[in-house]
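Undergrad: If you scroll down you'll find the structure; I have some questions about it.
The values are calculated or read from the model by the stated rules, or taken from the named source; none is laboratory data. Nothing here was measured: the structure is a model prediction, and the numbers come from that model. Please note: Cβ atoms are built from the backbone with ideal geometry, for glycine as well, and neighbour counts cover all protein chains shown.
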Amino acid sequence: MGRYCIRVATGASLFAGSHNRVRLWLVGAHGETKLELELRPVRGQVSRRERGPPPRPELGLAAGGQPRGERPVRRGIQELNDSWTALAGTSSLRVLAPQEEEFEHDVPDDLGPLQFVKLRKHHSLVDDAWFCDRITVQGPGAGEEAAFPCYSWVQGEGVLCLPEGTGGGSGGRTTQTVANHLHVSPARLAGDNALDVFQKHREKELKERHQIYCWATWKEGLPLTIAAGCEDDLPPNMRFQEEKRLDFEWTQKAGALEMFLKRVYTLLSSWNRLEDFDHIFWGQKSTLAEKVRQHWQEDEFFGYQFLNGANPMLLRRSTALPPRLVLPSGMEELRAQLERELQNGSLFEADFILLDGIPANVIQGEKQYLAAPLVMLKMDPHGKLLPMVIQLQPPSPSSPTPPLFLPSDPPLAWLLAKSWVRNSDFQLHQLQYHLLNTHLLAEVIAVATMRCLPGLHPVFKFLMPHIRYTMEINTRARTQLISDGGVFDKAVSTGGGGHVHLLRRAMAQLTYCSLCPPDDLAERGLLGTPGAHYAHDALRLWDITARYVERIVRLFYHGDDVVRGDPELQAWCREITEVGLCRAQDRGETPPQRWAPRTLCPGPFSALSAIDSKSCSFPTQVSLCPSSPRINSAISLPCVSSHALLSMGPSTRASFFPQLEWYAWVPNAPCTMRMPPPTTKEDVTMATVMGSLPDVQKACLQMAITWHLGRHQPDMVPLGHHKEKYFSEAKAKAALNQFQTDLANLEREITARNEQLDLPYEYLKPSLTENSITI
């Protein structure tokens, strides 16, 4: 009994408030409040009745798990346009602050330690969704506040129960502040529920989530996805917030308009010289994109991109001359040069053999073409990575000795060979390293998290900020980019079904250790490579995040027996590997033959995992034991790897994405090739080069989609700086603060290094590294 101070926070996004009445009551161990408290969270204002915005469109499911399909009434188009107009006057969307209201209420009964806050929203004509951030309650006396995190849409007539979520990091043991009747409990493991009421709550929550978050098969042989035919079918808590939706859909239209204007501009222009690409090289571009246009033909620039470009994931140090590299008679000098570089440890290779035999697209009746190149490069004493030889196709019965292209060849022949390599790199980057290893894998982790981990689980609390928007951006990709008739079918040489074949091949080769930067970089022999800025920054960022994960894990898991005995955590791991990744534990038992396993570098990375016959396979259980798949690495993957480190390198986790910089000048990364790979050198002319590169229509589409998906995101959240407070424990907050401090130190290191570089490398700057996959 006594006076309770209650604070209710409404989300910061547009239309997060509601005109509907929301009733709130407190539930304690001894009972619950007799008098329900009525809220009106209009624009975040509780218990006020001033005029707010119209009802929020689309977003709807109650956080407690009401059935899908109940949609609120949409706003009028003019009102949405007015909202967009008000926001579009600046370079980025206006950031709204969360609204919080505080009020007091006298409770005559003794509630005992608080356990839940219950919410129920009522509506008459319009079901107007409300986004609740969190509720905090201060009981009688001066004890700690009880926190009830929500961060969900509240809709429908059902009752939403928010369990109490504060605590002192006591490893799951429950403490009580009797003086003010507050029940102080940290995030709980399944075995920590001293009170049966919390165990029943988590079981009920997971049962409801299993009905809402269902698996679906997009294509056989590929990771499972969320069951949603389009973004409207997604659970509302996985949808874009209104600012994100408006920006995404507006920039789609702006990109289409720019593409149309470029097409009109080039109607009367020639298209037979490389300089003619300047006709469409205007509008949205960056300083680096201009440098790419100026230097893309240079060998040094070509080699640099394998280390620090849009796709630094393919290059590896050679341990032997590749068997597919057939050197005909008369090339003894080249063989000697390759052997010399190999002995010096300065020979590198990029093998695109995954593309061999992939069916090429047919666009509007015109056949497109693919190659499977091999590039051999050397690192000179000045740290420059320079190409030595290019083989465009592997040996075959019809061509046992494929032609080799050299820097000494006629300039146009050598340029065309490099263009074929860049086209192949575009395909693998977008499909294997971008779509599969980041987007699709992150979606598997996100769905498994929602199905297997209740809201009270510490791993759920840790991961939630890192799966923001992932399901919707992937769903949009499946309906707009890689769908039948989508962007890939219209402009990319692997479209028309080839992209699915390529993804299946990449899936068959996907291993667990290839997703962990320390293992991957060591296996590729890139540790300590001069000028490998991606490798250096990726290791530093992974190490910082792994230490953050370690701090969080140690708060709740005090021994390996606790980890192995956590049924929800182990079920989550199995759900990812056996279900979402289609029994991925059967792949990677031994390293592929092309691999040359190395001992990891000493220092903080060596404890994360090791490349051996066991660690290459995906785990079906996690442990604290160094010889087993570790919980630290398993949790680090969706946090750090979700875009920047998992496999994209710098590609799409950073807010200023390199696709806009490296792909805007189309000849540097052509999306398709319209003539077969050359088999002779003397016959290559400028007409051959221009006839091979994308025509104006495909080039405009490449630039439009590159800008749409590669621009700065106005609601970007930097790594480690999410606003959601799922953890309320003091030690968990301290761990996050230390993580932010470590990230700030890395930011300063990268900035200082970049001041000494002619071409600064910024993609893994923490301030430009996004907290989740949102684009």
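Undergrad: Just need a number here: residues in segment 371-382 that are without any contact (Cβ under 8 Å) to a residue 60 or more places away in the chain and in contact with a Ser or Thr (Cβ under 6 Å, 6 or more places away or on another chain).
TA: 2
Undergrad: Report whether or not Gln115 is more than 13 Å from Leu24 (Cβ to Cβ), surrounded by 19 or more Cβ atoms within 10 Å (Cβ to Cβ), at pLDDT 85 or above and in contact with a Gly (Cβ under 7 Å, 6 or more places away or on another chain). Steps first, answer last, please.
TA: Details: more than 13 Å from Leu24 (Cβ to Cβ): yes; surrounded by 19 or more Cβ atoms within 10 Å (Cβ to Cβ): yes; at pLDDT 85 or above: yes; in contact with a Gly (Cβ under 7 Å, 6 or more places away or on another chain): yes.
When the stated conditions are applied, Gln115 passes them.
Undergrad: Against the conditions (1) farther than 30 Å from Val684 by Cβ; (2) out of contact with any Phe, Trp or Tyr (no Cβ under 8 Å at 6 or more places or on another chain), where does Thr266 fall short? Just the number, please.
TA: All conditions pass for Thr266, except number (1).
Undergrad: Check Leu768, Leu736, Leu743, Leu719 and return the single one that is among the hydrophobic types (A, V, I, L, M, F, W, C), closer than 30 Å to Thr136 by Cα and in contact with a strand residue (DSSP E or B) (Cβ under 6 Å, 6 or more places away or on another chain).
TA: On the way: Leu768 fails: closer than 30 Å to Thr136 by Cα; Leu736 fails: in contact with a strand residue (DSSP E or B) (Cβ under 6 Å, 6 or more places away or on another chain); Leu743 fails: in contact with a strand residue (DSSP E or B) (Cβ under 6 Å, 6 or more places away or on another chain).
Result of the check over Leu768, Leu736, Leu743, Leu719: Leu719.
Undergrad: Return the residue satisfying two criteria in turn: it lies in segment 685-713 and is assigned to a loop (DSSP other than H, G, I, E, B) and under 21 Å from the mean Cα position of the chain (by Cα), and of such residues it is farthest from His279 (Cα to Cα). Talk me through it step by step, then tell me what you get.
TA: Filtering segment 685-713 down to residues assigned to a loop (DSSP other than H, G, I, E, B) leaves 685, 693-695, 711-713.
Now narrow it down to the ones that are under 21 Å from the mean Cα position of the chain (by Cα): 711-713.
Values: Arg711: 21, His712: 24, Gln713: 27 Å.
Step by step, filter segment 685-713, then rank; the result is Gln713.
Undergrad: So Pro387 clears everything in (1) assigned to a strand (DSSP E or B); (2) out of contact with any helix residue (DSSP H, G or I) (no Cβ under 9 Å at 6 or more places or on another chain) except one condition, right? Which one?
TA: Only one criterion is unmet by Pro387, namely (2).
Undergrad: Which of the residues spanning segment 740-775 are charged (D, E, K, R), exposed (fewer than 15 other Cβ atoms within 10 Å of the Cβ) and assigned to a helix (DSSP H, G or I)? Quick ask: steps written out before the conclusion?
TA: Restricting attention to segment 740-775, the residues satisfying the condition of being charged (D, E, K, R) are 742, 747-749, 753, 755, 758, 762, 765, 770.
Checking which are exposed (fewer than 15 other Cβ atoms within 10 Å of the Cβ) leaves us with 748-749, 753, 755, 758.
Arg748, Glu749, Arg753 - these are the residues of segment 740-775 that are charged (D, E, K, R), exposed (fewer than 15 other Cβ atoms within 10 Å of the Cβ) and assigned to a helix (DSSP H, G or I).
Undergrad: Going by the structure shown, is Leu406 surrounded by fewer than 24 Cβ atoms within 10 Å (Cβ to Cβ) and in contact (Cβ under 8 Å) with a residue 12 or more places away in the chain?
TA: Details: surrounded by fewer than 24 Cβ atoms within 10 Å (Cβ to Cβ): yes; in contact (Cβ under 8 Å) with a residue 12 or more places away in the chain: yes.
Considered against the rule, which asks whether it is surrounded by fewer than 24 Cβ atoms within 10 Å (Cβ to Cβ) and in contact (Cβ under 8 Å) with a residue 12 or more places away in the chain, Leu406 comes out as yes.
Undergrad: Another question about this same structure. Do we have Gly525 as at pLDDT 95 or above and in a loop (DSSP other than H, G, I, E, B) here? Give the derivation first.
TA: Working: at pLDDT 95 or above: yes; in a loop (DSSP other than H, G, I, E, B): yes.
It is true that Gly525 is at pLDDT 95 or above and in a loop (DSSP other than H, G, I, E, B).
Undergrad: To continue, here is another question. Yes or no: Ala350 of a type in the set (Gly, Ala, Ser), in a loop (DSSP other than H, G, I, E, B) and surrounded by 15 or more Cβ atoms within 10 Å (Cβ to Cβ)? If you could, list the steps in order and put the result at the bottom.
TA: Numbers: of a type in the set (Gly, Ala, Ser): yes; in a loop (DSSP other than H, G, I, E, B): no; surrounded by 15 or more Cβ atoms within 10 Å (Cβ to Cβ): yes.
Taking the combined requirement at face value, the residue does not satisfy it.
Undergrad: If you take the residues of segment 118-156 that are within 15 Å of Ala16 (Cβ to Cβ) and among the small types (Gly, Ala, Ser), which of them is surrounded by the fewest Cβ atoms within 10 Å (Cβ to Cβ)?
TA: Ser152
Undergrad: Do you know which of the residues in segment 445-469 that are surrounded by fewer than 24 Cβ atoms within 10 Å (Cβ to Cβ) and in contact with a Leu (Cβ under 6 Å, 6 or more places away or on another chain) is nearest to Leu510 (Cα to Cα)?
TA: Thr449
Undergrad: Exactly one of (1) of a type outside the set (A, V, I, L, M, F, W, C); (2) more than 14 Å from Cys516 (Cβ to Cβ); (3) modelled with pLDDT of 55 or more is unmet by Thr590. Its number?
TA: (3)
Undergrad: Pick from Leu355, Leu307, Leu385, Leu315: which is buried (at least 20 other Cβ atoms within 10 Å of the Cβ), in contact (Cβ under 8 Å) with a residue 60 or more places away in the chain, in contact with a Phe, Trp or Tyr (Cβ under 6 Å, 6 or more places away or on another chain) and assigned by TED's automatic domain parsing to the domain that holds Lys490?
TA: Details: Leu355 fails: in contact with a Phe, Trp or Tyr (Cβ under 6 Å, 6 or more places away or on another chain); Leu307 fails: in contact with a Phe, Trp or Tyr (Cβ under 6 Å, 6 or more places away or on another chain); Leu385 fails: in contact with a Phe, Trp or Tyr (Cβ under 6 Å, 6 or more places away or on another chain).
Going through Leu355, Leu307, Leu385, Leu315 in turn, just one is buried (at least 20 other Cβ atoms within 10 Å of the Cβ), in contact (Cβ under 8 Å) with a residue 60 or more places away in the chain, in contact with a Phe, Trp or Tyr (Cβ under 6 Å, 6 or more places away or on another chain) and assigned by TED's automatic domain parsing to the domain that holds Lys490: Leu315.
Undergrad: Same structure, new question: Could you please tell me which pairs satisfy a Cβ distance under 8 Å, a separation of 6+ or placement on different chains, a first residue in segment 730-751 that is assigned by TED's automatic domain parsing to the domain that holds Pro766 and closer than 18 Å to His466 by Cβ, and a second residue that is outside any helix (DSSP H, G or I) and of a type in the set (Val, Ile, Thr)?
TA: Between residues of segment 730-751 that are assigned by TED's automatic domain parsing to the domain that holds Pro766 and closer than 18 Å to His466 by Cβ and residues that are outside any helix (DSSP H, G or I) and of a type in the set (Val, Ile, Thr), there is no close pair.
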